[in-house]
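These notes concern the structure reproduced below.
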Amino acid sequence: MITKRSNFAPLFLKETPLILSLFFCFIFVSCQKEKGFKGVNQGDQATSQSKLKGKRLKRSIDSRLGLGEFFVEKKIRKNSNFAETLEEMNFSYQDILQIIKAVKPFINFSKLQINTVLQKKERSYPLKEFLSLEIFLSWMERVVVEKGEKGEWKARKKNLPITTKVTKFNGVVEASLWNSAVKAGLDPAVIEKLSQIFAWEIDFNREVLPVDSWRIIVEEKWAGGKRVSWGHILAAEYKNGNTYHKAVRFPKGKGGEYYDLEGKSLKKKFLKSPLRFGRITSRFTRRRFHPILKIRRPHYGVDYAAPKGTPIFAVGDGRVTRKHYSKWGGKTIKIRHNSVYQTAYKHLSKFHPSVRRGRKVKQGQVIGYVGSTGLSTGPHLHFEFYQGGRYVDPLGKKFPQLKKIKKENLISYKSFAKEVWKFLPERQEAVLLAKKTNEKKKKEDL
């Protein structure tokens, strides 16, 4: 077989050197351009990075100059003391001695508590320099230590200005009044104040219902950018079932009392309960089965179950006539309020140190603590009430109010109460009802 030869092969072989030369020239030039291009980029990049670094450094230095100061903060730890804490903050031995000497007129070191904050203020630029030391005795009271021109240590007291803000809160009782306060973001200590305001109107141990609601306006005390305490509740409303209990503080400042919108005092001769919060386990009855003696006998009082150590309050002003221990009643206190009324408090775990036989007590004063002394099955308070020397049911008694606003002040009070009442928040139950109505309406539209 004869094969036909192509004319392309000889031509390709002749031109190969020329094609290879052109190809290598192209690659060489391309590499040079790329190299040059990369070199320019790297140079520019290095220059731009250098400039950026310079700018950043300058900005950093400027910010440090702007602030120029920083704090070193330490707390006095358990099993430590003031001097050791200063040592941890890098004060020298001589400086510590001078600081202690300077602050001694302002600080009782034996009463200086654990977690007391010490804050050292320093300047870091251009030279590191001590500026001051502050000892936080409380959120409002501080002791400031500084160095004088001659290098001597000086101390002075510094009281932060207190500002008062008025805040609104509202809530609905679902599980308990206490839980409703926590859910509303309110400090339970304020709910304690609320229960004190209506202590003559509502027995919070037995009359609180899951549908109850409340709303208040209360003062907040601020110092150093932080809330340091709560002030007075200025106005409050507690809806107990279908009854609305209303209170306004008048006058607003020191010495104010709480009145309803008609000017009647909320205070009565006796509190409705000797405990702020508790649970009634046994009521006043002529015939009750005794859990220990296993017989039926009269129960001339009311039993309140509460944790051991719960404070017990005197329900009215009076004088302590008995403070003793008995086999049946355990640790017992008896108070004569006047020629007609007396009260007794039994099964206490301990007496309050201020309570003495023959000494006067005020309404709402802590006289003892819940316990289980004497013939008792568990921690509770047995509370008895006497009228004319006879046992009476304290839960069924109604007592007169102590005082009213004077006629000449009544017009100004009503005007004041009307203005304050406007600031109360909307009732939470109304908000929830509107929310449910809107949700129902949306479902119907769908």
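The table below lists the values:
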item	result
Qualifying residue in the range 140-161 (condition: under 30 Å from His232 (Cβ atoms) and of a type in the set (S, T, N, Q))	yes
Residue count for the range 317-348, restricted to those that are touching a Lys or Arg at 6+ places or on another chain (Cβ under 6 Å), buried (at least 22 other Cβ atoms within 10 Å of the Cβ) and either among the aliphatic types (A, V, I, L, M) or closer than 15 Å to Arg359 by Cβ (or both)	2
Test: residue in the range 311-333 that is of a type in the set (Ser, Thr, Tyr), in the same structural domain as Gly388 (by TED's automatic domain parsing), closer than 14 Å to Phe385 by Cβ and touching a Phe, Trp or Tyr at 6+ places or on another chain (Cβ under 8 Å)	no
Enumeration of residues in the range 190-224 that are out of contact with any Ser or Thr (no Cβ under 9 Å at 6 or more places or on another chain) and either assigned to a helix (DSSP H, G or I) or free of Cβ contacts under 8 Å to residues at least 24 places away in the same chain (or both)	Val190, Glu192, Lys193, Leu194, Ser195, Gln196, Ile197
Evaluation of Glu408 against (1) part of a helix (DSSP H, G or I); (2) surrounded by fewer than 11 Cβ atoms within 10 Å (Cβ to Cβ); (3) modelled with pLDDT under 85 (one fails), failing number	(3)
Top-ranked residue of the range 128-165 - restricted to ones that are β-branched (Val, Ile, Thr) and surrounded by 13 or more Cβ atoms within 10 Å (Cβ to Cβ), ranked as nearest to Leu97 (Cα to Cα)	Val145
Total residues in the range 350-385, condition assigned to a loop (DSSP other than H, G, I, E, B) and of a type in the set (Val, Ile, Thr)	3
Residue satisfying all of: in the range 390-405; outside any loop (DSSP other than H, G, I, E, B) and at pLDDT 85 or above; nearest to Val315 (Cα to Cα) among these	Pro394
Inter-residue pairs, beta-carbon under 6 Å, first free of Cβ contacts under 8 Å to residues at least 12 places away in the same chain and within 19 Å of Ser138 (Cα to Cα) and in the range 86-111, second surrounded by 11 or more Cβ atoms within 10 Å (Cβ to Cβ) and among the aliphatic types (A, V, I, L, M), 6+ apart	none
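To keep it simple, each residue is scored yes or no on (1) outside any strand (DSSP E or B); (2) hydroxyl-bearing (Ser, Thr, Tyr).
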residue	(1), (2)
Pro126	yes, no
Phe130	no, no
Ser138	yes, yes
Val143	no, no
Glu146	no, no
Glu149	yes, no
Pro161	yes, no
Val166	no, no
Phe169	no, no
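Here's the yes/no breakdown for (1) at pLDDT below 90; (2) in the same structural domain as Val218 (by TED's automatic domain parsing); (3) in contact with a strand residue (DSSP E or B) (Cβ under 6 Å, 6 or more places away or on another chain):
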residue: His245; (1), (2), (3): no, yes, yes
residue: Val248; (1), (2), (3): no, yes, yes
residue: Gly253; (1), (2), (3): yes, yes, no
residue: Gly256; (1), (2), (3): yes, yes, yes
residue: Tyr259; (1), (2), (3): no, yes, yes
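The values are calculated or read from the model by the stated rules, or taken from the named source; none is laboratory data. This structure is a prediction, so every number in the text was calculated from the model and none was measured. Quick reminder, even Gly has a Cβ in these numbers, built from the backbone with ideal geometry, and neighbours come from all protein chains shown.
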